[in-house]
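Enquirer: Please find one structure pasted underneath; my questions will follow.
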Amino acid sequence: METANDLPTRMQDIVNDENLTKDEKIEALRGLYDHARGEQRAASESPMIDDDGLNDTLRNIEKALADLGAKPSAHENGPASL
């Protein structure tokens, strides 16, 4: 399982992978985003886990998704998204 520190590198690997189609990149980035959101939730609920730059990582993944033309996930637009 990837740690918060691995996420930016993994995101760049996905974006730069010429063997992946646009849809495959979007799917992989959404999975990475969901993983980062889970890490962020855990960090917000436990004093033992640090944020480790997850907010920046989430914004970067959102930007990469937008650059690929992906629409935001519906579950991320609700009032209880965190």
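Enquirer: Please get the size of the charge dipole for region 7-69, origin at its Cα centre, with Cβ charges of +1 on Lys and Arg and -1 on Asp and Glu, quoted in debye to the nearest 20. Intermediate results must be reported in sequence, preceding the final value.
Expert: Numbers: 8 positive and 15 negative charges, 32 e Å.
So the dipole magnitude of region 7-69 works out to roughly 160 debye.
Enquirer: Another question about this same structure. Obtain the nm distance between the two label points defined at Asp56 and Lys71 by a simple spin-label model: each point lies 7 Å from its Cα along the Cα-to-C-beta direction.
Expert: 3.2 nm
Enquirer: In nm², what is the average projected area of the convex hull enclosing the Cα atoms of region 7-69? Could you put the intermediate results ahead of the total?
Expert: Numbers: hull surface 15.7 nm².
Quarter of the Cα hull surface area: 3.9 nm².
Values quoted throughout were computed directly from the atomic coordinates according to the rules given, and no laboratory measurement underlies them. From a predicted model like this one, the values you see are computed outputs, not experimental measurements. Neighbour counts are summed over all protein chains in view; Cβ atoms, including those assigned to glycine, are modelled from backbone coordinates with ideal geometry.
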